[in-house]
Amino acid sequence: NDYGEEVIEETIKVPVISDNGEVWGLVGLATDITEETRLHEKLIKLSYSDTLTGAYNRAFFEEKSKELNIEKYLPIGVIMGDVNGLKLINDTFGHLKGDELLKSTVDVMNKVVHKDDFIFRWGGDEFIILMPNCNEERCENTIQNILEESKNSTFDLIEMSISLGSSIKYSINQDIYENVKEAEEKLYRQKFLKSKSIRSSVILSLNQSLHEKNVETEQH
């Protein structure tokens, strides 16, 4: 069918008697969505999801950004986020702990964003949020809410820190990748200006966490 579903059509013959006694044959079609179809749908969903964090992946960004590029969804907010301290966590505690940090980051974003917004894992430690019908005020409020919520994260090694930048797509003719570029430039401009304080904060937080575990780990 139009949704790419595999279906089984079963022909049903039903006798119908007319007023003059003639018997007509009425043929109906019964459609059954098979178990294979449900599995197919699940596989499609998995193909659009990042297996680690559960966020959508970059391939789905391509599709969804085109789908949203109509007047009724404009303006569209684009937020790019970069997780601070991931390399330090990977180098110190290993990639499994780094993976936990990434998953905690998506959990924070899910608590903040609107149900009609979309979270995508863009790269190793980068994420993008697409927000239909979003003005600058809502975009900035979302950023502030993510920053506030990250402070309440349950990640146990460091206080979660995310650098964020944003852009607004106002026109259908505006290339979404120009917005991504603008959001990325804002993000890294912010990260460059705050790089020393970010690193110091991460190291201080990590040191406190190590001290709470035991003295031997703190010395390490």
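The values are calculated or read from the model by the stated rules, or taken from the named source; none is laboratory data. Here the structure is a predicted model, which is why all the values come from computation and not from measurement. SASA here: full protein model, heavy atoms, side chains in, ligands and nucleic acids out. Shrake-Rupley method; radii C 1.70, N 1.55, O 1.52, S 1.80 Å.
Here are the numbers for the structure shown:
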| quantity | calculated |
| --- | --- |
| List Phe192, Phe118, ordered by accessible area with a 1.4 Å probe, largest first | Phe192, Phe118 |
| Solvent-accessible surface ranking, highest first, for Asp175, Asp91 at 1.4 angstrom | Asp91, Asp175 |
| Karplus 3J(HN,Hα) series, Hz, for region 182-190 with 6.51 cos²θ - 1.76 cosθ + 1.60 (x for Gly, Pro) | 5, 4, 5, 5, 4, 4, 6, 5, 5 |
| Accessible area in square angstrom per residue, region 47-202, 1.4 angstrom probe | 51 Å² |
| Three-way shape label, region 93-180, alpha-carbon gyration tensor, a/c 1.5 | prolate |
